[in-house]
Structures are given as structure tokens and as C-alpha cells.
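What follows is a single structure, written as C-alpha cells, with notes after it.
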Amino acid sequence: MTTSTSVKTLPDSGGDQPAGHASFGRLLLAEWTKLRTVRSTVWSLVALVVLAVGITTLALAVTAANWSQADPGDKAELLADPTRRILGAGVLLSQLAVCVLGVLVTAGEYSTGMIRSTLLASPHRLRTLAAKCVDFTVLVLVLSELIGFSCFFIGRALIWKHAPVNLNDPGVTSAVVGYGLYMAMLGLFATAIGQLVRHTAGAITAVIALVLLLVPLAQLLPGTVGKHIGAYLPTNAGGLIMSVHPQSDQLLSPWQGYGVFAIWTVVLLAIAGWLLVKRDA
């Protein structure tokens, strides 16, 4: 007497995928759970809010208080594009919080060894990386848009007497929205670096160097070489999305600059994904 057994498979698996294999929706939920329950996420986001809003408030308050003694060149720059000054005041330091958190999203799991459990639970590595990127990008985008509009209204109130600006002025709304878009792309850029380096301290150092040091170094190059190289560096190009009026020496439009930043990010993510598949955990 013989008995027969059957192996259940998922209806859409083609007959070779075991039941219980994580769908992309489950991966999104799992990665979101990891992201929101890690203390570094909370502290990095708190630092982002405090630095962005705090520095914007301080910088614009000082500008307004010292308006009569301000350099004529600074006054002219502010009057030409108040929105860019408002949004740019807190970007320099606040973006570091996004960079650090972006690195921790990917490289942090290698430092703790949790990456082995992650890949054991979800062997499809590219889908796992995609879920991390989607969760983190959406989180940073939503929070940064709230920060961008908050900074705009705070800065607008502080400098209104000297440089009035309204949200319905041409190009202003798109520039404020661009603040969130820039931060979201920057976070994704840092996530790709973290996945490439797979070491938290090394990846953070690399991202900070790319964000803070490359542009000043490019400006040291002779002639117009430095100007052209600097224009296509990732954060320098991406930051143009927060400007309303292009500067006279600007080589790219705001959306062209953001496109350059997006290309940098996509290329790094593609390399990171390829290496994730090829390398051991």
C-alpha cells in the first residue's frame, strides 16, 4: 500500500516557491518595523527637525536684526531670492542627520550582524533593498516637506519687513516642495553609500566627505574646470531645486540639477544592488 503526499505552493509562484515566502508588502512592513523601532532613527529625525528649524530661525533672526549693517551684496542676494536663503539656512547641518540615518538603514545591519537574519528571512536581496529604500525615502520625504514649509513660514515672518515673499509667488511653492525632494534624494544617496561600504563609520565618513568637501575642493581647480565639475557634483546640483531664480553663473536649471542628483543616486543604487547579490553577507 502506498500513500501520496502533496506540497503546497503559492498560486502565483509557478510551482516552485514555498508557501509563506515574503511578498513585497510584507517586506515593506518588516523594514518599516525595523526602521521605526531603532533608537537611532528617532534621534536622527529629532536632530533633523531641531537643526533645520532652529538654525533657520536663528540665521534669519540675526539677518533681520542686523539688516542696516548688512553687506550690500548679502542684501542683494537675499532680495533676489528670499526663498533660497530661507530654505538654505538650515540645510548645511540638518542634511547631515539625513545622511547618517541613510547610512544606518543599510550599513547598520552589517555592523550588528542582523543582515544575516534579514537575508535568511528574505533571500530575495534586491527586493529587500528596495523595501528599505522605499520605507526610508517616504519617511524622509514626508517629514522634510513638513520641515520645509515650517521653515518657510518662520523665515518669511522674520524677514518680511525687508524682503517680502509669499507662497503664491512664481516658483516659490515648487522651491519649498523641492526642499523635501532634495532631502529624500539625499537620504537615498546615503543609503546607497551605506550599502556599498557596509561599514557604518566608513560610510558616514564617505557621505560627509561627498556632501561637504567635494564642492569646495572643486572650486580650487583652475579656470572654469572647477566651475563645471562643481555644477555636476551630486548635492551641489540637487540643491538647485530649492532656488526660485537662477544665478547668473548657474549652469543647470533647478530640475536639471535635480536630475543630475537622481542619476548619481540611481547609479550608486544599481552598483549597490549588484554587489549585494554578488557578495556574501
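Report the trypsin sites (Lys or Arg not before Pro) located in the stretch 140-217 that are in a DSSP loop and have at most 15 other Cβ atoms inside 10 Å of their Cβ, or state none.
The qualifying sites are Lys161.
Find out how many positive minus negative residues lie around Trp274, taking Lys and Arg as positive, Asp and Glu as negative, among other residues whose Cβ is under 15 Å from that of Trp274.
Overall, the nearby charge balance is +4.
Mind checking the dipole of the chain: about its Cα centre, +1 per Lys or Arg Cβ, -1 per Asp or Glu Cβ, Debye to the nearest 20?
Dipole of the chain, to the nearest 20 debye: 620 debye.
Given +1 on the Cβ of Lys and Arg, -1 on the Cβ of Asp and Glu, and no further charges, what dipole in debye does the stretch 37-162 carry about its Cα centre, rounded to the nearest 20?
Taking the Cα centre of the stretch 37-162 as origin, the dipole is about 320 debye.
To the nearest 500 deg cm²/dmol, what mean residue ellipticity at 222 nm is calculated for the chain from DSSP H runs of n ≥ 4 alone, each contributing -39,500 (n - 2.57), summed and divided by the residues?
Helix-only estimate at 222 nm: -23500 deg cm²/dmol.
Students sometimes get this wrong: rank Leu186, Leu213 by accessible area, probe 1.4 Å, all chains present, largest first.
Leu213, Leu186
With a cut-off of 8 Å between alpha carbons and a minimum separation of six or more residues, what is the relative contact order of the stretch 25-156 in percent?
45
Quick one: ranking Ser248, Ser144 by accessible area, 1.4 Å probe, largest first, what do you get?
These residues rank, largest area first, as Ser248, Ser144.
For the pair Leu214 and Val38, what calculated FRET efficiency results from E = 1/(1 + (r/R0)^6), where r is the Cβ-Cβ distance and R0 = 25 Å, to the nearest 0.05?
Rounded to the nearest 0.05, the efficiency is 0.30.
Please report the carbon-and-sulfur percent of the accessible area for the chain; probe 1.4 Å, protein heavy atoms only, DNA, RNA and ligands left out.
Percent of accessible area from carbon and sulfur atoms in the chain: 67.
Express in whole angstrom the spacing between the alpha-carbon centres of the stretch 86-158 and the stretch 28-83.
Value for the Cα centre distance between the two parts: 16 Å.
Can you work out ³J(HN,Hα) from phi for every residue in the stretch 230-241, in order, using Karplus 6.51 cos²θ - 1.76 cosθ + 1.60 and θ = phi - 60°, giving whole Hz and x for Gly and Pro?
x, 5, 9, 6, x, 6, 5, 6, x, x, 5, 5
Which helices, counted as full DSSP H runs in the chain, have an axial Cα extent of no less than 18 Å and a Kyte-Doolittle average of 0.0 or above?
Sorted by number, the helices that extend far enough and score high enough are 24-37, 39-65, 91-112, 125-159, 172-197, 254-278.
Given bins 5 angstrom wide, list per bin the percent of all Cα-Cα distances in the stretch 164-281, short to long.
2, 11, 17, 19, 18, 13, 10, 5, 2, 1, 0, 0
If you take P(r) over Cα pairs in 10 Å bins from 0, in percent from the coordinates, which of (i) 6, 26, 33, 22, 10, 3, 0; (ii) 6, 25, 30, 20, 10, 5, 2, 1, 0, 0, 0; (iii) 7, 30, 37, 22, 4, 0 do you get?
So the calculated entry is the one marked (ii).
Under unit Cβ charges (Lys, Arg +1; Asp, Glu -1), what dipole magnitude, rounded to 20 debye, does the stretch 121-200 have relative to its Cα centre?
With only Lys, Arg, Asp and Glu charged at Cβ, the dipole is about 260 debye.
The values are calculated or read from the model by the stated rules, or taken from the named source; none is laboratory data. Just so it is clear, the structure is predicted and the values come from calculations on it, not from any experiment. Because the Cβ atoms are built from the backbone with ideal geometry, glycine has one as well, and the counts that use them run over all protein chains shown. Surface areas here come from the heavy atoms of the whole protein model, side chains and all, with no ligands, DNA or RNA. Shrake-Rupley method; radii C 1.70, N 1.55, O 1.52, S 1.80 Å.
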